[in-house]
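Q: Input: one structure, supplied below.
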Amino acid sequence: MDSASDTDSLLKALPEPLRERCRVLKPGACVRGEFVLYWMHHVVRGHENPALDTAIAISNQLRVPVLVYQGLTGNHPYNNDRHHRFILEGARDAHREIATRGVRAAFHL
């Protein structure tokens, strides 16, 4: 992918419920790589996740795998053990669910 028309064709091939949620921030910014990266941050689940569904649909069009990335850092104003435990337990469940969809996931602590 190195042109805006390639990006447009990827988006046009998406199902309407996914396409209506997408917008191109920088035309021509899409480049072809070895995988599609989905940075999971707010919607931490493998189901009913339109962003993950979009990443999978685009990866299928490009015939490359999806990699889900999730990270946890210590520089959040409300950090505490209880919050981190909640995030880690949710990540474990979400990554298990994502794996059932045949998608690899990585967690960075």
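The values are calculated or read from the model by the stated rules, or taken from the named source; none is laboratory data. All values reported here derive from a predicted model rather than from experimental measurement. Here the Cβ is made from the backbone with ideal geometry for all residues, glycine too, and neighbour counts use every protein chain on show. These area figures cover heavy atoms from the full protein model, side chains too; ligands, DNA and RNA do not enter into them. Shrake-Rupley method; radii C 1.70, N 1.55, O 1.52, S 1.80 Å.
Q: I'm checking my understanding of the structure. Among residues of segment 97-109 that are of a type outside the set (A, V, I, L, M, F, W, C) and under 13 Å from Gln70 (Cβ atoms), which one is surrounded by the fewest Cβ atoms within 10 Å (Cβ to Cβ)?
A: Out of the qualifying residues, it is His108.
Q: Here are some residues: Asp8, Asp81. Which one is out of contact with any helix residue (DSSP H, G or I) (no Cβ under 7 Å at 6 or more places or on another chain), surrounded by 13 or more Cβ atoms within 10 Å (Cβ to Cβ) and farther than 21 Å from Val103 by Cα?
A: Asp8 is the lone residue from the list that is out of contact with any helix residue (DSSP H, G or I) (no Cβ under 7 Å at 6 or more places or on another chain), surrounded by 13 or more Cβ atoms within 10 Å (Cβ to Cβ) and farther than 21 Å from Val103 by Cα.
Q: Looking only at segment 59-85, which residues are under 14 Å from His42 (Cβ atoms) and either at pLDDT 85 or above or in contact with a strand residue (DSSP E or B) (Cβ under 6 Å, 6 or more places away or on another chain) (or both)?
A: Selection gives Val68, Tyr69, Gln70, Gly71, Leu72.
Q: Follow-up question, since we're still on this one. Would you call Pro27 closer than 20 Å to Ser9 by Cβ and either in contact (Cβ under 8 Å) with a residue 40 or more places away in the chain or open to solvent by 80 Å² or more (accessible area, probe 1.4 Å) (or both)?
A: Answer is yes for this residue.
Q: Which residue pairs have Cβ atoms under 6 Å apart, sit 6 or more places apart or on different chains, and have a first residue in segment 66-84 that is of a type in the set (Ser, Thr, Tyr) and a second that is at pLDDT 80 or above and open to solvent by less than 60 Å² (accessible area, probe 1.4 Å)?
A: Qualifying pairs under 6 Å: Tyr69/Ala106.
Q: Mind listing just one residue for me: the one in segment 36-78 that is open to solvent by 100 Å² or more (accessible area, probe 1.4 Å) and among the aromatic types (Phe, Trp, Tyr) and, of those, farthest from Ala106 (Cα to Cα)?
A: Applying the filter and picking the extreme gives Tyr78.
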